[in-house]
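The values are calculated or read from the model by the stated rules, or taken from the named source; none is laboratory data. Source: prediction; values computed, not measured. Note: ideal-geometry Cβ built from the backbone for every residue, glycine included; neighbour counts use all protein chains shown. Quick note on the areas: whole protein, heavy atoms, side chains included, nothing else; ligands and nucleic acids left out. Shrake-Rupley method; radii C 1.70, N 1.55, O 1.52, S 1.80 Å.
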Amino acid sequence: EHSSPHPHARHRTRVHLPPPQAPSSSAPPPHRPHTPPPTANMSGIQPGTIAMHLSRRAQFTNPEVLEQFLAAGKKKSQYGHLKLFFLSLLGGFFLGLGATMSSQVGGRFGGTTGQNNLMFGGFGIPFGLMMIVFTGAELVTGNYLVFSLLMIHEPTKKNFYETMRSFIISWYGNWCGTLLVASCLAWQSGVVKTVLSDFDNREPVFATTEDAKAAFAEDWCTTGNFVNSNACFLVKSTVMRLNMDWDIAVTRGIACNFLVSTALWLAQLSQEQVSKIFSIWICIVMFISSGFEHIVVNQLLCSLGMMIGAGKYGDVTWGDMLGNNFIPVSFGNFIGAFVLAAIMYGCYHREMPEFVAKEKQKHSVEGAEVSVVVGEK
């Protein structure tokens with residue numbers, strides 16, 4: 001390199017490109033190209049692309065989810081009767097479709113009881129709950145969780161009224177939605193055979209109860225590549241549920257909705273749909289494969305079972321369905337949701353952003369008052 005020794009000389013003849021000399025105070029600072037941050041270089045993502053989204057969190061915190069559920073309870077309290085009913089009707093319709101698919105897939109899956117339970121729980125009912133979560137439809141078991149949290153947080157007469165209104169309307173709306181699926185889409189369409197029923201004018205498969213029991217005891221349920229096994233499953237499971245003792249129904253209902261409420265909580269933690277889907281699926285498979293009882297699922301299975309002949313086959317009535325299954329299972333589902341609500345509220349309510357902001361404001365005001373008093377003294 002040949003250059004002038006004078007520090008202010010600008011004319012240089014360069015042969016190589018070594019590090020430049022420090023410029024004098026009169027020279028403008030050299031232009032240096034912008035280099036991406038180290039994290040962007042390491043990840044291979046160039047600035048200006050999707051790197052701007054890397055700071056987004058994958059999930060909310062538990063205190064934030066608690067605050068979101070409380071806000072959802074206040075929002076649901078503002079629903080009118082008709083809006084609440086039709087959203088509940090839609091929720092029952094979705095879960096009824098899922099339960100119908102479960103009976104078609106799991107009920108026809110030949111093999112051991114464990115295999116049947118896994119197929120019954122893994123395909124159908126989880127899909128119905130996913131549709132409910134993503135569309136904003138109402139599910140009474142989800143409202144058990146939301147309004148339990150709201151009542152624990154603000155136990156007022158108004159909230160108690162809204163809680164009872166939501167429970168009653170959503171329970172009835174869910175049943176209407178499942179009845180719509182059972183009667184029109186599953187039974188009248190011929191998807192499920194009428195085994196033994198005079199509920200309509202169609203010819204049943206069996207003329208008498210004795211014929212049906214004899215066929216069930218033989219190979220009618222497994223013949224023809226399990227073509228009739230879905231009807232057998234619906235009839236037998238309905239008779240089993242309608243003869244269940246109260247303590248068993250309540251206990252299974254508690255375990256069921258504890259898992260369903262956990263599924264809703266985990267889904268709310270996630271910010272993208274794939275994680276929500278997996279969170280819902282794994283909890284629902286757990287409760288169904290374990291044999292626990294969900295009121296809206298039972299509203300579909302028992303109603304459809306009664307329509308195709310479970311009443312005559314097992315000598316049970318619609319009154320038995322309400323008294324021996326729907327009421328105790330609903331009670332158990334509420335307890336399961338309330339237990340999770342009490343645990344999560346007790347653990348996280350002091351960490352909610354709303355609670356923390358109030359505490360900061362309270363302490364700042366108290367500190368200001370103390371300083372004023374000290375200043376006066």
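Things worth noting here:
- Residues (open to solvent by less than 60 Å² (accessible area, probe 1.4 Å) and either more than 28 Å from Leu322 (Cβ to Cβ) or outside any loop (DSSP other than H, G, I, E, B) (or both)) located in segment 234-248: Leu234, Val235, Ser237, Thr238, Val239, Arg241, Leu242
- Glu138 within 16 Å of Lys83 (Cα to Cα), modelled with pLDDT of 95 or more, of a type in the set (Asp, Glu) and within 21 Å of the chain's Cα centre (by Cα): yes
- Subset of segment 278-307 that is touching a residue at least 60 places away in the same chain (Cβ under 8 Å) and of a type in the set (Phe, Trp, Tyr) - its residue that is nearest to Phe167 (Cα to Cα): Phe287
- Thr251 meets all of the listed conditions (1) free of Cβ contacts under 8 Å to residues at least 40 places away in the same chain; (2) open to solvent by 40 Å² or more (accessible area, probe 1.4 Å) but one, namely (1).
- From the options Met321, Met344, residue that is under 30 Å from Glu210 (Cβ atoms), out of contact with any strand residue (DSSP E or B) (no Cβ under 7 Å at 6 or more places or on another chain) and assigned to a helix (DSSP H, G or I): Met321
- Residue check for Glu293: within 23 Å of Phe69 (Cβ to Cβ) and either touching a helix residue (DSSP H, G or I) at 6+ places or on another chain (Cβ under 6 Å) or surrounded by fewer than 20 Cβ atoms within 10 Å (Cβ to Cβ) (or both): no
- Taking helices (runs of 4 or more DSSP H) as the structural unit, those lying wholly within segment 32-114 and holding at least 3 residues that are open to solvent by 60 Å² or more (accessible area, probe 1.4 Å) and modelled with pLDDT under 90 correspond to 38-43.
- When Met307 is tested against the conditions (1) at pLDDT 90 or above; (2) more than 14 Å from the chain's Cα centre (by Cα); (3) surrounded by fewer than 21 Cβ atoms within 10 Å (Cβ to Cβ); (4) not small (Gly, Ala, Ser), the lone failure is (3).
- Condition check for Phe355: at pLDDT 90 or above, farther than 30 Å from Ala215 by Cα and open to solvent by 30 Å² or more (accessible area, probe 1.4 Å): no
- Members of segment 121-144 that are assigned to a helix (DSSP H, G or I) and open to solvent by 40 Å² or more (accessible area, probe 1.4 Å): Phe127, Met131, Val133, Phe134, Thr135
- Residue match in segment 209-226 (condition: surrounded by 15 or more Cβ atoms within 10 Å (Cβ to Cβ), part of a loop (DSSP other than H, G, I, E, B) and either among the charged types (D, E, K, R) or in contact with a strand residue (DSSP E or B) (Cβ under 9 Å, 6 or more places away or on another chain) (or both)): no
- Among the residues of segment 165-204, those that are buried (at least 20 other Cβ atoms within 10 Å of the Cβ) and within 16 Å of Tyr79 (Cβ to Cβ) comprise Ser166, Ile169, Ser170, Trp171, Gly173, Asn174.
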